[in-house]
Amino acid sequence: MKYYRFFSNFAVNSITMFKRSLLTTLFLFSVMAFVVQAWHSHSLHFGAIVFGQNAMAEPERDNDIISKFSALSTQQLLDTAEYYVNKSCNDIALICYSLIINTVARDADVEQQKRVIEAYNKAAVLNYYMCDFRTAYELLIKGLLLCERTDYFAYQTRILTNIGIIYFRFNKYDIAKSYYLKALQLCQDITVVEVILNNLGETELQSGNMDSAYYYLSKALQYSRQNKAFDMHNILNTMALFYEKNKQFDSAFYYYRLSLEVSTKNNKIETKAESLSNLGNLFFKTGKKDSAIYYINLSNVIAEENNLPRILIENYLILSQIEESKGYTVKAFNYFKKHASLRDSVFNVEKFADINQLQRLYEVSKTNQQIEQLTIEQRVNERTIYYQGIIQSITFGILVSVIIILLFIYFQNRRLKTAYKVLFEKNMEIFDYQKHSKETYLEKYKKSALKHDMHDELLSKILTLMEDVTIVCNIHFSVDKLAELVQSNQKYVSQVINTAFKKSFRPFVNSYRIREAQRIFSEPDALKYSIESIALRVGFKSRNAFDGAFKEITGVSPSFYLKSMQEQSTL
């Protein structure tokens, strides 16, 4: 009996040690496989960047570049294209994007299709900046169709926005707006939302819808300040254009200078040149011709160095007008000739001029033929890689399965039951919360009898009355008072404001009061008033409430804004 117990214990201990050794060996093997794969991917990525640097140092023919790039994966091609875009070598970047676009993307390979969509969009952006709008539009449409087939909504919003930009360039503002609104409806990325809101504001501004333009631009500026957006320079530039069209030149100067500072800080070359051009144009409108020429010349230097024909066209026209106003007709005529020549060249491209386009299409077709010849070889390589990937996946799957089974046996059944119980309770809490939130939302306007036509009529009355400063800036102005003046009730008025402007009554009124405060700050004798008196004048009961509302809407404090206005007036 004693020997039996000894051998039994020995057998149990041996089996236990064997299990632990097997588990440890499998774990170490999986870790080593992961490290080797990660190192291999990193080496390929590094190799692509090194090859890009070598190609920059030693220029080669297009067919040589294509032959070498064809060995890279789609992700490496994207990284290499980004490298060349940063080096302003757009032609080589377009070759990388063309190789990706011509890659056969299997329906099951979602990541590959996403990279193809990204290549369509980025190639379209490069063609847009090269003024090849037709090719840009065709690439965007192809990318959009692939987005819809793969439900890749994250990039679909970018493509819809870029299509709207092309229509905006052709002054098709209604079509551009429809694309922007559709992109805004699908968008979940806050940085893209800011770009769309700015584009909507610019579109409404060009269409003459000043109230809608101010709404969209204010929202874009508010989001950009909260999230420190990369596109803030464009938003500030558009906001300045809004004030310029409203002939509020002090505010326009203020925002143009802010845009110039931000674009200079972030090295946004095109926006910097545009801000300088806009400042020069604004100085010319206000009669300061010497300052206008100074800023226009600064803009011209940047535009010529970076091939920005759109800005050069505007600059030559402004210089022509300045010289004509000074009586220098010869200089004015020379500038106008440059303006007309460059404008006709760009307009021809915008109207898809066939003569210039045929030459470009011929050059592109030669590159495409070389790419098509390499496509067959690339398909063979892809099939080989595909089957190797299947074998690796099966091997890895077996290892993972063994590890999961051993871990499943290792864990105690009671702990698993406890985890299930906690998970069930959490799910019930989430369900109750969602149910309560939904019922609260449905009950909010459940008993409302406000019809669609009544909604529009009441909205029109509210907007008309809100333009009366004496009413809006009354310190006792409330939602009940507003309902009384528009001959409605408080519930309907609150509902219309919530649905139309996505805000409650108090922020809605504050936006009008702050706008009136900005107007007062822009007056020449604004310094004779204290900020407290201006706060009371526009309807705020305290300085703190005024400061908070002013900073929330404009992004700066009232004192900073007033100081900036006075500095612009002095300048």
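Bear in mind these aren't lab numbers, they're just calculated from the coordinates by the rules spelled out. Small disclaimer: the values here were computed from a predicted structure and weren't measured. Ideal geometry is used to build each Cβ from the backbone, glycine not excepted, and the neighbour counts take in all protein chains shown.
Odds and ends about this structure:
- Footprinting exposure proxy ranking of His233, His452, fewest other C-beta atoms within 10 angstrom first, gives His452, His233.
- The stretch 528-571: chymotrypsin sites (Phe, Trp or Tyr not before Pro) falling in loop per DSSP and having at most 10 other Cβ within 10 Å: none
- By other beta-carbon atoms within 10 Å, ranking Tyr386, Tyr328 with the fewest at the front produces Tyr386, Tyr328.
- Cα-based equivalent ellipsoid, the stretch 452-570: semi-axes from gyration tensor eigenvalues, Å: 30, 13, 12
- Fewest neighbouring Cβ atoms within 10 Å first, the residues His339, His455 line up as His455, His339.
- Net dipole in debye of the stretch 452-570 [+1 Lys, Arg Cβ; -1 Asp, Glu Cβ; about Cα centre; nearest 20]: 380 debye
- Debye log10 I(q)/I(0) for the stretch 236-348, one point scatterer per Cα, at q = 0.17, 0.19, 0.21 Å⁻¹: -0.80, -0.98, -1.14
- Listed residue pairs exceeding 23 Å between alpha carbons, taken from Lys288/Lys326; Lys265/Lys289; Lys247/Lys288: Lys265/Lys289
- Unit charges at the beta carbon, dipole of the stretch 94-180: most positive-side option, Phe170, Gly143, Asn127: Phe170
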